[in-house]
Amino acid sequence: MYLLAIETSCDETAAAVLEDGRQVRSNEVFSQSDIHALYGGVVPEIASRNHIAHVSRMAERALHTAGIAKTSLDAVAVTYAPGLIGALLVGVNFAKALAFALDVPLIPVHHLRGHIAANYIADPALVPPFLCLVISGGHSQIIDVRDYTDMAIIGGSRDDAAGECFDKTARVLGLGYPGGSQLDVLSRGGDDQKYPLPRATVADSPYDMSFSGLKTAVLNLVHNAAQKGESLDKPSLAASFTAAVSDTLVPRTIAAAKVLGRQTVAIAGGVAANSRIRSDFQRASAQAGLRLLLPPPSLCGDNAAMIGCQGYYEYLAGARGGADLNAYATKPISACGLQ
Ligand code: KG4
Ligand code: ZN
């Protein structure tokens with residue numbers, strides 16, 4: 001079965017062709033990050049306009065790379081939630097028109113379910129159940145993946161996402177956009193003990209987290225130093241910040257896996273590319289006797305292959321989008337599925 005997937009939820013215009021769910025025949029990503037870097041972050045209206053300019057070209061390229069004619073497609077999958085509403089609408093309307101023209105099913109895919117599915121591509125033998133920490137620019141959630149299309153939120157950030165925190169910290173340290181990956185590189189030479197930063201807990205919610213206090217602590221530290229004319233050890237601040245994020249994410253995920261009796265832990269989303277978080281997970285999962293899955297960094301950030309992979313399982317479960325399929329800026333991972 002050949003499936004074309006479209007992803008336009010933020011600032012990547014992406015298209016991919018999947019064969020029988022997990023075999024990636026092509027995975028084309030046009031990143032708009034250079035365009036948004038001028039403004040220090042994603043400008044939603046500019047993202048939408050660029051998706052319009054590039055989505056058709058990316059779909060053609062994905063088909064060309066895969067060596068598949070569009071008439072050979074069996075389904076079209078598309079990210080319909082969550083994300084920037086204008087950006088999502090471009091992908092949804094493109095996919096809707098293409099599915100209608102080809103007379104094939106249209107499969108709506110939740111973006112975070114797609115991130116989780118990157119693990120199926122990375123490990124062809126992976127089958128649910130497993131526990132997955134999804135850490136992206138907009139979300140930080142511990143998800144119990146009971147089955148391919150049956151998921152429950154075990155815990156998550158009550159305020160900012162980990163990626164948002166990385167991006168704001170990077171910006172205040174004078175790094176360009178997108179900041180998370182640059183902060184990762186900067187932190188590698190630093191002392192992670194040098195700057196004491198908070199690790200918040202949420203009362204009576206052991207798997208929930210909060211990052212807004214950490215973000216404020218970094219901003220105050222940088223502004224106070226500037227007012228006093230003191231210079232900061234930026235690599236050590238980046239390392240101390242990353243340690244605080246990792247100390248929040250890793251123990252909660254491992255504890256949740258143990259309590260739920262899951263043997264396998266996976267991570268997903270753009271922040272899952274972070275080298276410190278990956279190595280902390282490797283150590284903690286080995287100590288706990290859990291199997292750990294780390295998708296390659298290329299599958300952690302936004303791409304359409306992950307949407308196509310999840311789209312295949314949504315298709316098998318009977319999910320279909322009609323001509324009235326809408327896009328949603330927010331939608332819980334557990335609330336989607338059959339349309
Ligand atoms: O999943 P993603 O590509 O897009 C969303 O769905 O939001 O995640 C983007 C986020 C951004 O906040 C970016 O700064 C962060 O992932 N990110 C990283 C790294 N690479 C990307 N954060 C920390 N370390 C990295 N190496
Ligand atoms: Zn994403």
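The values are calculated or read from the model by the stated rules, or taken from the named source; none is laboratory data. Keep in mind that this is a model prediction, so the values were computed, not measured. In this analysis, Cβ positions are derived from the backbone assuming ideal geometry, glycine residues included, and neighbour counts consider all displayed protein chains. For accessibility, only protein heavy atoms count, side chains too; no ligands or nucleic acids. Shrake-Rupley method; radii C 1.70, N 1.55, O 1.52, S 1.80 Å.
Quick notes on this one:
- C-alpha center-to-center spacing [segment 55-126, segment 274-339] in angstrom: 14
- Gain on full extension, evaluated as 0.36 nm per residue between S33 and S212 minus their Cα-Cα distance, stands at 62.0 nm.
- Equivalent-ellipsoid semi-axes for segment 132-220 (Cα gyration tensor, √(5λ), whole Å, largest first): 26, 16, 11.
- Distance between the pseudo-spin-label points of V259 and S56 (7 Å out from Cα toward the beta carbon): 5.2 nm.
- Accessible carbon and sulfur surface of the chain relative to its total accessible area, %, 1.4 Å: 51
- Extension gain for A69 to E19 (0.36 nm times residue separation, less C-alpha to C-alpha distance): 16.7 nm.
- Each 10 Å bin, from zero up to the one with the longest distance, holds this percent of the alpha carbon pairs of segment 1-75: 21, 45, 23, 10, 0.
- Tilt relative to the chain, helix 44-66 - C-alpha long axis, 0 to 90 degrees, to 10: 60
- Relative packing of peptides 43-52, 298-307 - highest average C-beta neighbours within 10 Å first: 298-307, 43-52
- Cα-based convex hull volume of the chain per residue, rounded to whole Å³: 123
- Relative contact order of the chain, pairs being alpha-carbon contacts under 8 Å that are 6 or more residues apart, as %: 24
- Zero-based 10 Å bins, Cα pair distances in segment 127-299, whole percents: 10, 40, 34, 13, 3, 0
- Above-threshold pairs, the threshold being 20 Å between Cα atoms, out of K168/K228; K194/K234; K168/K234: K168/K228
- Residues of type lysines that K96 reaches as a straight line, Cα spacing below 22 Å, ignoring anything fewer than 8 places off in the same chain: K70, K331
- Prolate/oblate/rounded call for segment 8-166, Cα gyration tensor, a/c under 1.5 rounded: oblate
- Rolling a 1.4 Å probe across the protein heavy atoms gives the chain an accessible surface of 40 Å² per residue.
- Centroid-to-centroid separation of segment 1-51 and segment 173-252 [C-alpha atoms, Å]: 29
- Fully extending the segment from D233 to R158 would add 24.0 nm, taking 0.36 nm per residue of separation and subtracting the current Cα-Cα distance.
- For the pair A286 and D103, a Förster radius of 35 Å applied to the C-beta separation gives a FRET efficiency near 0.10, rounded to the nearest 0.05.
- Derived scalar couplings between HN and Hα for segment 96-108 equal 4, 5, 5, 4, 5, 5, 8, 6, 10, x, 9, 10, x Hz in order, rounded to whole Hz, by the Karplus curve 6.51 cos²θ - 1.76 cosθ + 1.60 (θ = phi - 60°), x for Gly and Pro.
- Computed as a quarter of the hull surface, the mean projected area of the alpha carbon convex hull for segment 89-132 stands at 4.2 nm².
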